[in-house]
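As structure tokens, the structure follows; a few thoughts come after it.
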Ligand SMILES: [Zn+2]
């Protein structure tokens with residue numbers, strides 16, 4: 001993770017909830033006190049919507065009716081003074097509540113906004129790719145790189161994933177995945193295919209996003225797939241299956257052959273995923289004519 005994280009800070013949902021809850025509790029306490037002690041009679045204020053906007057509304061409600069009370073025949077000047085004092089105290093109270101709420105936010109609730117991070121390293125040894133690489137493959141494992149990067153998961157959280165790609169593809173992959181991260185495109189999981197013993201069917205069935213795998217083109221024995229060069233990637237293969245005729249791979253993704261669906265992680269023409277890869281010159285298998293490989297992006301379109 002050697003990329004710089006930016007300095008943007010934001011209030012996390014937990015902190016916002018805390019501040020809101022504290023303010024609402026403070027206002028309710030104030031109301032209870034005010035209704036008990038008010039010389040102007042009970043107010044009709046309700047906080048059933050529990051929104052901070054009620055603060056502004058509360059101020060207005062408390063000040064507007066009291067203006068009429070000034071016309072009371074009992075000592076106008078002292079009444080006016082009391083109303084002004086009451087309003088000043090009320091504003092001071094609310095300011096104190098806001099300060100108290102903000103200063104008692106639990107530690108860790110203010111968090112750095114998630115930003116894309118990545119790291120590139122060589123393959124440690126042939127053991128690291130013992131299932132996906134073997135003698136006779138079109139590239140040496142020394143030409144491969146392990147790319148570790150952050151991505152948005154299906155659970156709407158940021159995760160670390162690993163891809164193995166050709167050293168000449170790392171730049172394109174990183175730029176594309178930075179764009180995907182910024183657009184929060186969801187990815188189910190991302191592990192090197194060796195975690196699945198190099199078995200593409202197992203990886204696809206697990207909805208695993210992977211790149212390098214030294215294997216032949218499906219249905220074309222003797223022809224190296226672009227994955228064999230580390231210049232292709234399959235993204236969310238379950239939601240984006242390979243479809244030719246009535247064959248759907250993985251079979252578990254059969255329902256997603258219906259591309260009118262808009263399920264999480266699906267890739268559609270012109271969407272964030274297609275644009276991210278198009279911006280680095282990679283082409284999408286979902287645009288092929290005779291067959292459709294909706295999960296597949298490659299450097300040369302094959
Ligand atoms: Zn592919």
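Some points to look at:
- Pick from the stretch 230-241, criterion in a loop (DSSP other than H, G, I, E, B) and in contact with a helix residue (DSSP H, G or I) (Cβ under 6 Å, 6 or more places away or on another chain), ranking: nearest to the ligand (Cβ to nearest atom): 237
- Residues satisfying the stated conditions in the stretch 287-302, i.e. away from the ligand (no atom under 11 Å from the Cβ) and touching a residue at least 24 places away in the same chain (Cβ under 8 Å): 290, 291, 292, 299, 300
Here's the yes/no breakdown for (1) within 16 Å of the ligand (Cβ to nearest atom); (2) more than 20 Å from residue 123 (Cα to Cα); (3) over 24 Å from the mean Cα position of the chain (by Cα); (4) in a loop (DSSP other than H, G, I, E, B):
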| residue | (1), (2), (3), (4) |
| --- | --- |
| 174 | no, no, no, no |
| 221 | no, yes, yes, no |
| 228 | yes, no, yes, no |
| 243 | yes, yes, yes, no |
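- Matching residues in the stretch 276-286 - criterion: being assigned to a strand (DSSP E or B) and within 11 Å of the ligand (Cβ to nearest atom): 284
- Scoring residue 197 on the criteria (1) in contact with a strand residue (DSSP E or B) (Cβ under 7 Å, 6 or more places away or on another chain); (2) more than 16 Å from the ligand (Cβ to nearest atom); (3) touching a residue at least 12 places away in the same chain (Cβ under 8 Å) leaves a single failure, condition (1).
- For the stretch 255-278, a residue qualifies if it is surrounded by 15 or more Cβ atoms within 10 Å (Cβ to Cβ) and touching a strand residue (DSSP E or B) at 6+ places or on another chain (Cβ under 6 Å), and the qualifying residues are 257, 265, 274, 277.
Bear in mind that the values in this text are calculations on the coordinates, not laboratory data. All of these numbers come straight from a predicted model, not from anything done at the bench. Glycine also receives a Cβ, built like all others from the backbone with ideal geometry; neighbour counts cover every protein chain displayed.
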